[in-house]
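The structure appears right after this line, and notes come after that.
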Amino acid sequence: MPQVLYGEHVYLRPLQKGDTDDFVSWFGDLEVTRFLGIESLTQDKATMWLNEFLRDSIGQYFGIVKKNDKKLIGYTFLTGISKRHKIAKEFGIVIGDKEEWGKGYGTEATKLMLEYGFTVLKLHRIQLLVLDFNKRALIMYRKLGFVREGIQREARIVNDKWHDIIMMSMLEKEFQRKLDKKNRNICRSSRVNSQV
């Protein structure tokens, strides 16, 4: 498990039990959880989720921390990692602190995770699922080079309305083509271990 992945404005560090209060706050907020297609969670349920993330043997979960004030603002992950097939079945990101929405931190954290997944873990493919109404995420994923592969029609109910889930992925060669030279090697990791 890597210790820290450094970007320009944020760094990613492994999630830890001490992040429980932040998880409880984020997952107790319907405005945050609606983008995940879930109801807000109780303190016990949010704590259980964090503990499950910490035990996931085929995933890597990171807290997103602002460099300037060391504030934890969200988390991101790659899970369902297959060494044999060189894929991560799911990428995810949550900026749980709503005050930090729209400031580019999610884009930077996603770039760090892509760099880490493709260059350190040597993945061939990273895939994700996103709800159809999460326009900000869809725009970011397209901009970064994710390709839409399909739709799970009316797969989630959010606020008593059916929504599609959009399936997207990126291949390592697409990542290499998309990022220009100035963005390469944005992931400066400390004590990286590529074993999963």
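Here, each number is a calculation from the coordinates, and none is a lab measurement. Being a predicted model, the structure only gives us computed values, none of them experimental. Virtual Cβ from ideal backbone geometry, glycine too; neighbours counted across all protein chains shown.
Annotation: the antiparallel percentage among DSSP beta bridges lying fully within the chain is about 95. Report relative contact order for the chain in percent, whole number only (criteria: Cα-Cα under 8 Å, sequence separation at least 6). Relative CO of the chain lands at 24 percent.
When you restrict to C-alpha pairs under 8 Å that are six or more residues apart and normalise by the size of region 47-150, the relative contact order lands at 20 percent.
The aspartates and glutamates within cross-link reach of Lys135, meaning a Cα-to-Cα straight distance under 16 Å and a gap of 8 or more places when in the same chain, are Glu31, Asp164.
The slack between Lys143 and Lys17, meaning 0.36 nm per residue of separation minus the straight C-alpha distance, is 42.0 nm.
Close amide H partners of Ala155, meaning residues 5 or more places away or on another chain with modelled amide H under 5 Å apart, are His163, Asp164, Ile165.
Could you give the dipole magnitude of the chain about its Cα centre, charging the beta-carbon of Lys and Arg +1 and that of Asp and Glu -1, in debye to the nearest 20?
1100
In summary, the lysines within cross-link reach of Lys83, defined as a Cα separation below 25 angstrom excluding same-chain residues under 8 places away, comprise Lys111, Lys122, Lys173, Lys178. Could you tell me which of rounded, prolate or oblate describes region 65-160, using a ≥ b ≥ c as the square roots of the eigenvalues of the alpha-carbon gyration tensor, with rounded for a/c under 1.5 and, failing that, prolate when a/b is larger than b/c and oblate otherwise? Since a/c reaches 1.5 but b/c is at least a/b, the shape of region 65-160 is classed as oblate.
Restricting the trypsin sites (Lys or Arg not before Pro) of region 1-70 to loop positions (DSSP other than H, G, I, E, B) with no more than 15 neighbouring Cβ atoms within 10 Å leaves Lys67, Lys70. Shape of region 1-103 from the C-alpha gyration tensor: oblate (a/c of 1.5 or more and a/b not above b/c, with a ≥ b ≥ c the square roots of its eigenvalues).
Could you name the lysines in cross-link range of Lys17, using Cα to Cα under 24 Å and dropping any fewer than eight places away on the same chain? Here the lysines satisfying the reach criterion relative to Lys17 are Lys45, Lys66, Lys67, Lys70, Lys71, Lys98.
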